[in-house]
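Please read the structure below before turning to the comments.
What follows draws every value from the coordinates through simple rules; no lab data is involved. From a predicted model like this one, the values you see are computed outputs, not experimental measurements. Methodologically, a virtual Cβ is constructed for each residue, glycine included, from the backbone with ideal geometry; neighbour enumeration extends over all protein chains shown.
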Amino acid sequence: MTPNRHNHSSRPTSSDNDTVLDAVRDCVLAVGVRRTTMTDVARRAGVSRMTLYRRWPDVRSLVGDLMTREWIAVATGAVPEARPDTGTRPRIVDGMVAGVEAFRAHPLFRKIVDVDPELLLPYVLDRRGASQEALLDLLADALREGHADGSVRRAHPQRQARSLLLVVQSHALSLRTMTDEDDTELTSAALLAELRTILERILAP
């Protein structure tokens, strides 16, 4: 749920980018997005403001690249390793459920929801961001593998991927509005188990 990246003639190395994005993360976790400034980021990263402006026009574009990095790391880290005795479908389902849990627990996501929730609205209501596009590509590739091994219902992979992302995105963003931790049938764990059932039935051949 992040904006598409900007192209600039001067491209820092991946290590430089990570140093800057680490600094942005520290700033946002400390004070939120609205109170983070380019000066704050430059100071934490140990670079000049002009170095930042060569790559990012403002704090929001920095935060966009940070979210892309963090959300893709969550998604890829949640997918279990392939096992020769199972098809692709269990990996997709396990990865998506684990991804929702990890995303909801991520410190950056929690900070944004608590302090700057409006930052997420464009990617829910108006347009896809870079992280959503990357997640769709990952899902589509996994679905094609599932089609090939027969564990996933055959359909247009991009259409399937978009539908799946809509399902898990709603759980990631809105699950806490539907839970009742005093009712064992409506806890977060119970609703995630229901999500698992939904995904299994959507994907089963």
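Being within 16 Å of R91 (Cα to Cα) and either under 16 Å from the mean Cα position of the chain (by Cα) or of a type in the set (D, E) (or both) is the requirement here; does D180 meet it? So D180 does not fit the description; no. Suppose we filter A134, A148 for residues that are closer than 22 Å to P107 by Cα and of a type in the set (A, V, I, L, M); which single one remains? Sole residue among the options that is closer than 22 Å to P107 by Cα and of a type in the set (A, V, I, L, M): A134. When the range 32-55 is filtered for residues that are of a type in the set (G, A, S) and either under 21 Å from P117 (Cα atoms) or in contact with a helix residue (DSSP H, G or I) (Cβ under 7 Å, 6 or more places away or on another chain) (or both), the ones remaining, listed by number, are G32, A42, A45, S48. Restricting the range 129-172 to residues that are in contact (Cβ under 8 Å) with a residue 24 or more places away in the chain and assigned to a loop (DSSP other than H, G, I, E, B) leaves a set whose member that is surrounded by the most Cβ atoms within 10 Å (Cβ to Cβ) is V152.
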